[in-house]
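J.: Please read through the structure below; I'll follow up with questions.
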Amino acid sequence: MYFYEPAKGHGLPHDPLNAIVGPRPIGWIASQDGEGRPNLAPYSFFNCFNYRPPIIGFASSGWKDSVRNICETKTFVWNLTTRDLAVRMNETSASLAHGEDEFARAGLTPVAGRIVNAPRVAESPVNFECRLSQCIQLTAADGTAVDTWLVLGEVVAVHIDESLLEDGVYQTAKAQPVLRAGGPSAYYGISDDLRFDLIRPDNR
């Protein structure tokens, strides 16, 4: 077994942590500042944390525009990244000056949310409109504050392309979601060919 203590370094060409915890869904987060200027950025530390109410969240290394905007307006939109949107999603990761428009840079169309005051990506087949529930600064085990912020939001509206619903069941693979993996550039897709089913013991 290869062993290392993270505080002392991993001794490898690339930190394996985010390759082991993966592939991970992408938090493609749209927000706008108090002046109505849009922002769009991908976050690979993202997931769903609660059913009722539905709560999703992402972590930002540093106090970036997305965090600043969400804490100011209390709203944001998560957009599903699909294979045909992957290159444009990657373009929105560029470091732009505050107020510059990632939607325009990536050739994407912002559409106003129906419930929240934040834009969604029109080209994305699934969007979650969210209201901020918590913004938490992370700490190390010894209580030292870390310059990373966990943003949690309650999903208050959902948009789904109806082509992804078959007999009312959402078809995960049909959407061709893009998942982040390890290394500086690795992503993965999923396929129904890789699907397997397990019935939980309590449901047998």
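Taken together, the values in this text are just the output of simple stated rules run on the coordinates, not laboratory data. Only a predicted model underlies this, so the values are computations on that prediction, with no experimental measurement involved. Backbone-built Cβ (ideal geometry, glycine too); neighbour counts: all protein chains shown.
J.: What pairs can you find where one residue is in the range 60-80 and among the charged types (D, E, K, R), the other is surrounded by fewer than 23 Cβ atoms within 10 Å (Cβ to Cβ) and assigned to a loop (DSSP other than H, G, I, E, B), and their Cβ atoms are less than 6 Å apart, with a gap of 6+ or different chains?
T.: As it stands, the answer is D65/H98; E72/G34, since those pairs meet every condition given.
J.: I would also like to ask the following. Consider the range 60-81. How many of its residues are surrounded by fewer than 19 Cβ atoms within 10 Å (Cβ to Cβ) and either small (G, A, S) or in contact with a strand residue (DSSP E or B) (Cβ under 8 Å, 6 or more places away or on another chain) (or both)?
T.: So the answer is 7.
J.: Of the residues in the range 82-97, how many are surrounded by fewer than 18 Cβ atoms within 10 Å (Cβ to Cβ), farther than 22 Å from D147 by Cβ and under 16 Å from the mean Cα position of the chain (by Cα)?
T.: Result for the range 82-97: 5.
J.: Only one of G143, G182 is more than 24 Å from V87 (Cβ to Cβ) and of a type in the set (G, A, S); which? Break it down into steps so the answer makes sense when it comes.
T.: Details: G182 fails: more than 24 Å from V87 (Cβ to Cβ).
Just a single option satisfies the conditions, and that option is G143.
J.: Pick from A118, A122, A112: which is under 29 Å from K74 (Cα atoms) and under 16 Å from the mean Cα position of the chain (by Cα)?
T.: When all the criteria are applied, what remains is A118.
J.: In this structure, is G143 in a loop (DSSP other than H, G, I, E, B) and buried (at least 16 other Cβ atoms within 10 Å of the Cβ)?
T.: no
J.: Name, by its number, the condition in (1) under 24 Å from T148 (Cβ atoms); (2) crowded, with 19+ Cβ neighbours inside 10 Å; (3) of a type outside the set (D, E); (4) touching a residue at least 60 places away in the same chain (Cβ under 8 Å) that does not hold for Y43.
T.: Going through (1) under 24 Å from T148 (Cβ atoms); (2) crowded, with 19+ Cβ neighbours inside 10 Å; (3) of a type outside the set (D, E); (4) touching a residue at least 60 places away in the same chain (Cβ under 8 Å) one by one, Y43 breaks only (4).
J.: So, one more: Mind listing whichever residues of the range 35-59 are outside any loop (DSSP other than H, G, I, E, B) and farther than 21 Å from A106 by Cα?
T.: Across the range 35-59, the qualifying residues are F46, N47, C48, F49, N50, I55, I56, G57, F58, A59.
J.: What tally of residues in the range 157-204 results from selecting those that are hydrophobic (A, V, I, L, M, F, W, C) and outside any strand (DSSP E or B)?
T.: Going through the range 157-204 one residue at a time, the tally reaches 11.
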